[in-house]
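Asker: Questions regarding the structure given below will be posed in turn.
Coordinate-derived values only; no laboratory data. As the structure is a computational prediction, the values presented were derived from the model and not from experiment. Don't worry about glycine lacking a Cβ; one is built from the backbone with ideal geometry, like all the others, and counts go over all protein chains shown.
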Amino acid sequence: MPDRTPLFAANWKMHKTVEETESFLGDFLSNPPDPVADVVICPPYLSLGPAIARCADTPVGVAAQNMHEEPEGAFTGEVSAPMLVELGVDGVILGHSERRQYFNESDEALARKVPAALLAGLEPILCVGENESQRDSDETVGVLTRQIEADLSEVPEDRLGDVVIAYEPIWAIGTGRTASPDQAQEAIALIRGMIEARSGEAAGRVRILYGGSVKPDNAAELISQPDVDGALVGGASLDAEEFASIVRFREHVAR
Ligand code: PGA
């Protein structure tokens, strides 16, 4: 099986001013993260430039939380992939459930955003996941299948492995109710199977993260699952020490 480097992404959502971003990074970077994991910080747009400056010459990357699918145009309030690339941004979260729920992010838009990000040179982190009533009525497989098929429909087979996918059950986001390691493994293996149906090479390479109430005390068990390649962390990523502890999950495994 190919060796996939674990990835930890800090999704700050609408938290932290520029000053708070700098203070976080001062603390976080004073203790170098696990060199065998990739780490990316996703602050609000206004903090992207300062974060990139602060993370230069460090192993920590910086990603945005959204982008528009067009490179430019009359779309007031939006930001495009080439603009992010010019700034030095490495990647972009796409299709987070909060954007789907509160900002009408659609699978149609995502089908254009994911290839636009790849084309511009950004690493997309595509979020998918079912809500509580869908899980309770056994619709999880259907929801994930629909989202993965639609959102990756325009990505060519040879680029599928360059997409990062985050499985984030909505009922676990910000609730303190983490999916069990078995639930995370099952859903993520299912997603890898969907990628496999299109490209065996991509299925071996694609990194699939778990997200939803990841904390220092549950990260190791989740990430030790064979198909779980890291975590997208919200609340616990706002504290430098907590996020650093999640990134150093191997120390918890070894114990
Ligand atoms: P959480 O958020 O870790 O606070 O549950 C995860 C996310 O929304 O990406």
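Asker: How about the stretch 13-119: which strands (runs of 3 or more DSSP E) wholly inside it have at least 2 residues that are in contact with a helix residue (DSSP H, G or I) (Cβ under 8 Å, 6 or more places away or on another chain) and without any contact (Cβ under 8 Å) to a residue 60 or more places away in the chain?
Answerer: 60-64, 91-94
Asker: Determine, yes or no, whether residue 202 is within 15 Å of the ligand (Cβ to nearest atom) and touching a Leu at 6+ places or on another chain (Cβ under 7 Å). Can you show your working first?
Answerer: Working: within 15 Å of the ligand (Cβ to nearest atom): no; touching a Leu at 6+ places or on another chain (Cβ under 7 Å): yes.
Considered against the rule, which asks whether it is within 15 Å of the ligand (Cβ to nearest atom) and touching a Leu at 6+ places or on another chain (Cβ under 7 Å), residue 202 comes out as no.
Asker: Let me ask another. Among the listed residues 146, 135, 99, identify the single one that is away from the ligand (no atom under 14 Å from the Cβ), crowded, with 16+ Cβ neighbours inside 10 Å and charged (D, E, K, R).
Answerer: On inspection, the qualifying residue turns out to be 135.
Asker: Now a separate question. Of the numbered conditions (1) more than 16 Å from the chain's Cα centre (by Cα); (2) away from the ligand (no atom under 16 Å from the Cβ), residue 218 satisfies every one except a single condition; which is it?
Answerer: Only one criterion is unmet by residue 218, namely (2).
Asker: For residues in the stretch 156-168 being in a loop (DSSP other than H, G, I, E, B) and more than 10 Å from the ligand (Cβ to nearest atom), which is nearest to residue 135 (Cα to Cα)? Full working, then the answer.
Answerer: Within the stretch 156-168, the first condition is being in a loop (DSSP other than H, G, I, E, B), and the residues that meet it are 156, 161-163, 168.
Among the residues that remain, those that are also more than 10 Å from the ligand (Cβ to nearest atom) are: 156, 161-163.
Values: 156: 30, 161: 27, 162: 28, 163: 25 Å.
Checked the stretch 156-168; the qualifying residue nearest to residue 135 (Cα to Cα) is 163.
Asker: For residue 130, state whether it is touching a residue at least 12 places away in the same chain (Cβ under 8 Å), surrounded by fewer than 16 Cβ atoms within 10 Å (Cβ to Cβ), away from the ligand (no atom under 13 Å from the Cβ) and over 15 Å from the mean Cα position of the chain (by Cα).
Answerer: Answer is no for this residue.
Asker: Give me a count of the residues in the stretch 172-185 that are surrounded by 17 or more Cβ atoms within 10 Å (Cβ to Cβ) and either among the β-branched types (Val, Ile, Thr) or more than 10 Å from the ligand (Cβ to nearest atom) (or both).
Answerer: 7
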